[in-house]
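Beneath this line is the structure, given in structure tokens, with notes to follow.
The values are calculated or read from the model by the stated rules, or taken from the named source; none is laboratory data. Here the structure is a predicted model, which means the values were calculated and not measured. Reconstructed Cβ throughout: ideal geometry from the backbone, glycine too, with neighbour counts over all protein chains shown. For accessibility, only protein heavy atoms count, side chains too; no ligands or nucleic acids. Shrake-Rupley method; radii C 1.70, N 1.55, O 1.52, S 1.80 Å.
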Amino acid sequence: MQAPPPSPSTPQEQRPEPRRWWALCVLGLAQLMILLDSTIVNVALPSMQRELGMADGDRPWVVTSYTVAFGGLLLLAGRVADHAGRKRVFVSGLLGFTLASAAAGAAPTAQALFAARAVQGAFAALLAASALALVATTFTDPRERRKAIAVFGALGGAGASLGVVLGGLLTQWLGWRWCLLVNVPVALLALLGTLWTPRDRAQRLTGRIDIAGAALGCGGLTALVYACSRAEAQGWTSPGVLGVLLAGAVALTAFAWWQTRAAAPLLPPRLMRDRRRVASLLAGGALMAGQLSVSLYLTYYLQTVLNWSALASGLGFLPISLVTTATATQLGTRLLPRFGPRVMMTAGLCISACGLFQLTLLDPDSTYAANVLPALVTFSVGMGGSFLAIMTGATSDVPAQDAGIASATVNSAQQMGGSIGSAVFNTVAASAAAAFHGSPRAATLHGFTSAVWIPLALLLLAAVATATLAGHRSTRVYARANTFPRHPSEVKNGQGSGSRGA
């Protein structure tokens, strides 16, 4: 059956946006800020505890309140972006994140700080879900999209590491409150930049949002993130942690069942029938687990074993950011069209696993230049080489009107991988240290080197999954499959690669 002629607006909609690279600067700045905020307060936690009079058991809530809200609301935020418009949601997220950051930085009590951090996490979910969707729908040329996603992904990968650097600098020079207040000028700058970004031309969804699916999906994710954050202090076998884990698993099982029956599902099952997308989500979760484990290990090693200051330790993280960004933007964009997502993801995960293996060999006599730095460079090369393939594999073959939920799914996978991976890492490290006979410093180091095998195994398992699930495609087919449909008639009549995902 011959498709009807395209709408008169279609050629105009497919024409490259003249301000698309400016839009990438604004979107990348927001992405960097979101992930900076997940780690920037880590170095400042002791100062926060002293000034606000927190109990030891309450101190983790500075981080937990942010991550629980962020991880739990991502799926709903993605669908809100598809219905309300990605740019509108992005601007709203920036404004809310700015106000919440100001409230957190000025918090007079610990409870006020926890509440403000939770609001930050909620608006960060809106930002994360809409930003990647805007990148994917703004750049219509496959070559330009690869470059844009490489920059965007590299900023995300570098953000967590840069947060430690910036947190050390701000805590030492200006005080812990500026670890939160620094978001205000950055967010305002991004908010001002949105005035010159192109409008969101992607097709919006109509109808109602799947409220039942949102309650089940977001509730299940929130429960899992919360349980993993509490497991570090209470242990995996405590009744509170086990009960919440079970509740989260039941909610997500019910969510998966409901999505196959809902008239307008929150997460359309058609998106999860793509094996390459599933492989990309697994790879993203494993890589984030590895990255946060490296951050935890390196923070301890530099400050306790090498006796570096907080500022020097923060600077010790810089190679991760620099190498990840350089690899993603210079190497990934050139190799991905030639080898495809499967090879790039599999190779990148294996290289990152080699970097973690180098960390298992550290001892009290190791030095930063000879032992730590090579491990960080190896891990970062693998991370930078796989980020672009992960982002591309997870968001390609998606109709433009589903870009928000597809982007939210990527972020959810990374958030869950990071939460579960870091919690397991800390638990195994504590158990191994307690069973070790020796000095406290040697025991703690033994615990960390033993725990590194957990994220290392996750990376290798994810590499097996990507090699098995992510089918190989030639450069020509890959370029076609990475084109988002730009007009409703294209989706309806099966034109363009986006119809595959539908």
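Taking the condition closer than 26 Å to V41 by Cα, open to solvent by 10 Å² or more (accessible area, probe 1.4 Å), assigned to a helix (DSSP H, G or I) and of a type outside the set (K, R), does L311 pass? Considered against the rule, which asks whether it is closer than 26 Å to V41 by Cα, open to solvent by 10 Å² or more (accessible area, probe 1.4 Å), assigned to a helix (DSSP H, G or I) and of a type outside the set (K, R), L311 comes out as yes.
Among the conditions (1) outside any loop (DSSP other than H, G, I, E, B); (2) open to solvent by 20 Å² or more (accessible area, probe 1.4 Å); (3) closer than 25 Å to A430 by Cα, the only one that T237 does not satisfy is (1). So is K87 basic (K, R), part of a helix (DSSP H, G or I), out of contact with any Pro (no Cβ under 7 Å at 6 or more places or on another chain) and over 22 Å from V186 (Cβ atoms) or not? No: the conditions fail for K87.
Go through region 176-218 and give me each residue that's of a type in the set (G, A, S) and either in contact with a Ser or Thr (Cβ under 8 Å, 6 or more places away or on another chain) or buried (at least 17 other Cβ atoms within 10 Å of the Cβ) (or both). Matches in region 176-218: A187, A190, G193, A202, G213, A214, G217. For region 164-192, the set of residues classified as under 23 Å from the mean Cα position of the chain (by Cα), modelled with pLDDT of 75 or more and small (G, A, S) consists of G167, A187, A190, listed by residue number.
Pairing each residue of region 111-128 that is touching a residue at least 24 places away in the same chain (Cβ under 8 Å) with any residue that is of a type in the set (D, E) and open to solvent by 10 Å² or more (accessible area, probe 1.4 Å), provided the two are 6+ apart or on different chains, yields C-beta distances under 9 Å for F114/D58. Listed conditions (1) closer than 20 Å to G78 by Cα; (2) open to solvent by 20 Å² or more (accessible area, probe 1.4 Å) are all met by L296, apart from (1).
State yes or no: is A227 part of a helix (DSSP H, G or I), more than 30 Å from T325 (Cβ to Cβ), open to solvent by less than 40 Å² (accessible area, probe 1.4 Å) and out of contact with any Pro (no Cβ under 8 Å at 6 or more places or on another chain)? It is true that A227 is part of a helix (DSSP H, G or I), more than 30 Å from T325 (Cβ to Cβ), open to solvent by less than 40 Å² (accessible area, probe 1.4 Å) and out of contact with any Pro (no Cβ under 8 Å at 6 or more places or on another chain). Within 18 Å of Q234 (Cα to Cα), out of contact with any Gly (no Cβ under 9 Å at 6 or more places or on another chain) and among the hydroxyl-bearing types (S, T, Y) - does that describe any residue in region 420-431? For region 420-431, residues within 18 Å of Q234 (Cα to Cα), out of contact with any Gly (no Cβ under 9 Å at 6 or more places or on another chain) and among the hydroxyl-bearing types (S, T, Y): present.
Answer yes or no as to whether A103 is at pLDDT 95 or above and aliphatic (A, V, I, L, M). So A103 fits the description; yes.
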